[in-house]
1. How large, in percent, is the carbon and sulfur part of the accessible surface of the chain at a probe radius of 1.4 Å?
2. Let a ≥ b ≥ c be the square roots of the eigenvalues of the Cα gyration tensor of the chain; is it rounded (a/c under 1.5), or, if not, prolate (a/b larger than b/c) or oblate?
3. Counting only heavy atoms of the protein chains, get the accessible area per residue of the range 1-121 (1.4 Å probe) and round it to a whole Å² value.
4. Among 139-149, 41-51, what's the highest-first ranking by average C-beta atoms within 10 angstrom per residue?
5. What does the convex hull of the alpha-carbon atoms of the range 69-151 project to on average, in nm²?
6. Label the range 45-87 by shape, choosing from rounded, prolate and oblate, from the square roots a ≥ b ≥ c of the eigenvalues of the Cα gyration tensor; if a/c is under 1.5 it is rounded, and otherwise prolate applies when a/b is larger than b/c, oblate when it is not.
7. Note down the Stokes-Einstein diffusion coefficient of the range 1-65 in µm²/s, whole number, using a Kirkwood radius over alpha carbon pairs, 25 °C, and 0.890 mPa s.
8. What 222 nm value per residue comes from the helices of the chain, counting each DSSP H run with n ≥ 4 as -39,500 (n - 2.57) and dividing by all residues, nearest 500 deg cm²/dmol?
Amino acid sequence: MIPIRSIAVSAVLLSKQNGQFKILLMKRVKGNFWSHISGHIEQNETAAQTAIREIEEETGIYISELYSADYLEQFYEPNMNVIEMVPVFMAYYLSEQPVILNDEHSEYGWFSLDEACLKAEFSGQRQLYAHIWGNFVRHQPSAHLKIKKQH
């Protein structure tokens, strides 16, 4: 039997730059690969609260709106022999806040969908970025996906 666990969330930030949408990717120090935001859920946190906290911790960005991406990252973690289920969130980066990386990342960039897919280490990332693009760039997201402010 392979246990299934869900102990983390991830988040994708989109920004419109020079009239074109871009995805924020950061190069992780641990593993030396490009990725979006992710982190473990802390005690007494909801998944959405974790996403907001991780966005702030990893980028220094305070978001005003958060959406459920209506997507689960799923992958097998061989070192733990578990299947990870990671709910994904999405936020539009609309302000002029600078990106301030924490020590988990060495660099960052804003990338088109094609560029992000080329940088992605894992096929699951490429599938996620295509999903985000199709549902948050090409189409207006459903109001049902917007996360209500949590206290």
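The values are calculated or read from the model by the stated rules, or taken from the named source; none is laboratory data. What you see is a predicted model; the values in this text were computed from it and never measured. Neighbour counts are summed over all protein chains in view; Cβ atoms, including those assigned to glycine, are modelled from backbone coordinates with ideal geometry. Note: areas computed on protein heavy atoms with side chains; ligands, DNA, RNA excluded. Shrake-Rupley method; radii C 1.70, N 1.55, O 1.52, S 1.80 Å.
1. Carbon plus sulfur share of accessible area: 52 percent.
2. rounded
3. 55 Å²
4. By packing density, highest mean first, the sequence is 41-51, 139-149.
5. Mean shadow area of the hull around the Cα atoms is 7.9 nm².
6. It comes out prolate by the Cα gyration axes.
7. Answer from the Stokes-Einstein relation: 184 µm²/s.
8. On the way: 3 runs with 30 residues, N = 151.
The helix-only estimate for the chain comes to -6000 deg cm²/dmol at 222 nm.
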